[in-house]
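The values are calculated or read from the model by the stated rules, or taken from the named source; none is laboratory data. As the structure is a prediction and not an experimental result, all values here were calculated from the model. Methodologically, a virtual Cβ is constructed for each residue, glycine included, from the backbone with ideal geometry; neighbour enumeration extends over all protein chains shown. Side chains are part of the model used for accessible areas, which takes the heavy atoms of the whole protein and leaves out ligands, DNA and RNA. Shrake-Rupley method; radii C 1.70, N 1.55, O 1.52, S 1.80 Å.
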Amino acid sequence: MRSVNRKVPGPLFLALFLGSVAFPAAAFFVAPEARDGSGAGLAAAAACALAGHLITAFGNVPLNNALERSHGRGDERAARGAFEARWNTLHRCRTVLAAAAFVLVAVSVV
């Protein structure tokens, strides 16, 4: 996990991370007269994506940072135990939200 924390943040990640909120939001505002009622789905998709981002920013990232700070300070097993269960729960939540956002966008733009 520590090596992922050092390698993942970058321009490509940032573009994909922000794009997952920007795309449904932009689709909502493009040609609203042609949507035929899909606006609610696009708004819900943007809300799901935003909720996933908030979980990442205020849940997973602080846990990642705490894990990084704990490196070399004692029992690695205890550090992992304090990190893993909560991180996985948050990750499952944001995965469900990302999948829901994808489905909502797909259904709304078809």
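Look through Ala34, Ala51 and report the one residue that is small (Gly, Ala, Ser) and modelled with pLDDT of 85 or more.
Ala51
Report yes if some residue within region 79-98 is out of contact with any Ser or Thr (no Cβ under 8 Å at 6 or more places or on another chain), assigned to a loop (DSSP other than H, G, I, E, B) and open to solvent by 70 Å² or more (accessible area, probe 1.4 Å); otherwise report no. No, the conditions are met nowhere in region 79-98. The single condition among (1) open to solvent by 40 Å² or more (accessible area, probe 1.4 Å); (2) assigned to a helix (DSSP H, G or I); (3) at pLDDT below 90 that Arg73 does not satisfy is (2). Each residue in region 61-70 was checked for being open to solvent by 70 Å² or more (accessible area, probe 1.4 Å) and over 22 Å from the mean Cα position of the chain (by Cα), and 1 of them qualify.
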